[in-house]
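Bear in mind that the values in this text are calculations on the coordinates, not laboratory data. Quick caveat, the model's predicted, so the values are computed rather than measured.
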């Protein structure tokens, strides 16, 4: 029996070894796939890339890359095979060979060989981008803050940029329509306006997921990317939730007193009469109003006499504010040309129902003599802080009031122009 068991154990061992050998012979060794890499080469900024366009298409070869962040993608259907990119120097639209693969917030490197830098109807674009072969993702969910601009600043220099407009609305004729034709899927234009009658086109695809939604009938903020078609500047919505037009339309605000005031005149349009919601811009002598001035990145308002008027007296009166204990006012002032006279003074009044020059002239004004103002010793264009002006000497708790900036001037002899900016009451 012992010999029989030994024989069976030997046969089992042989069988096991044979099976193991066969299975081992069937196992194949697969080579690991090579890691795909895209060269980097010379690095350009978006501004440097844009500067390479000289009027004819530029076909890229060699080794060159740019780094940027995707600011608008194809997800909502408003863009097709197009994405917008931006870095700290500029922005650009990128046209893809195939749809998909890139999303808002993707930080990417674009390898330029095989792509073409060109212009379509005045819009500079990076064309023929293959997401698989030209793009390397660095990270995701990167936030790019929209640049706050006014309507007049939307020029070809803003091509491709992510922007935000405040205090804008769709023109009344568009408020009874939808963004585009969702039935025929036709792309259509709508017109956005500000309260100073500045306008810009909003172009909406009939394939977008908001095409059939009604145009909002209110005023507020609007975030988009900037495009251009020939001489027309255009805006493209990247997310319908960034269209926040739910406030009273221009001219419909009841102008009720607010808790505090913070005005930097960012909506000013250069050399245009400045019109802000609930502020009053009037003259009581002469014919010249306060005008908005845009100089580089600064915007402010300015008063000066008109050459054909004997005397100019113009007022720029703030929106109504409700006084609370400890409230102070401050602002900055500057002179705009060689000093000839002290033409600016600052006043407070509890009459908040002012609508025209007659009402302003007859209101019970009290001068804020504590305000420090630019004057004879101030260099032209240098801002001078007013200091914090306590309002407790003029107002009681709960009073509603306005601040009035009064300018007086005479052509030639008392023609100093005065500027104000950054009005703060809190």
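Would you mind pulling out the separation of the Cα centroids of the range 61-109 and the range 252-325, in Å? Comparing the Cα centres of the range 61-109 and the range 252-325, I get a distance of 41 Å.
Helix 2-26 and the longest principal axis of the Cα set of the chain meet at an angle near 50°. For the options 211, 47, 180, a Gaussian network treatment of the chain with springs between C-alpha atoms closer than 10 Å singles out 47 as fluctuating the most. In the range 172-311, inverting the average of 1/r over every pair of distinct C-alpha atoms gives 17.7 Å as the Kirkwood radius.
Taking 0.36 nm per residue of separation and subtracting the Cα-Cα distance, full extension of the segment from residue 358 to residue 184 would add 57.1 nm. All C-alpha pair distances within the range 76-232, sorted into 10 Å bins from zero, spread as 10, 35, 37, 16, 2 percent across the bins. Across 65, 314, 139, mean-square fluctuation computed from a Gaussian network of the chain (C-alpha pairs under 10 Å connected) peaks at 139.
Hey, what does the equivalent ellipsoid look like for the range 303-403, semi-axes from the Cα gyration tensor as sqrt of 5 times each eigenvalue, largest first, whole Å?
On the way: eigenvalues 133, 74, 17 Å².
Sorted largest first and rounded, they come to 26, 19, 9 Å.
With contacts taken as Cα pairs under 8 Å and at least 6 residues apart, the range 179-336 reaches a relative contact order of 16 percent.
Only Cα pairs under 8 Å and at least 6 apart count here; give the relative contact order of the range 147-247 as a rounded whole percent. Relative CO of the range 147-247 lands at 30 percent.
Diagonalising the gyration tensor over the Cα atoms of the range 147-247 and scaling each eigenvalue by 5 before taking the square root yields semi-axes of 20, 16, 12 Å, largest first.
Based on Cα contacts under 8 Å between residues 6+ apart, the chain shows a relative contact order of 11 percent. Inverting the pair-averaged 1/r between distinct Cα atoms of the range 42-139 gives 13.2 Å as its Kirkwood hydrodynamic radius. Per the Kirkwood formula applied to alpha carbons, the chain shows a radius of gyration over Rh ratio, Rg over Rh, of 1.25.
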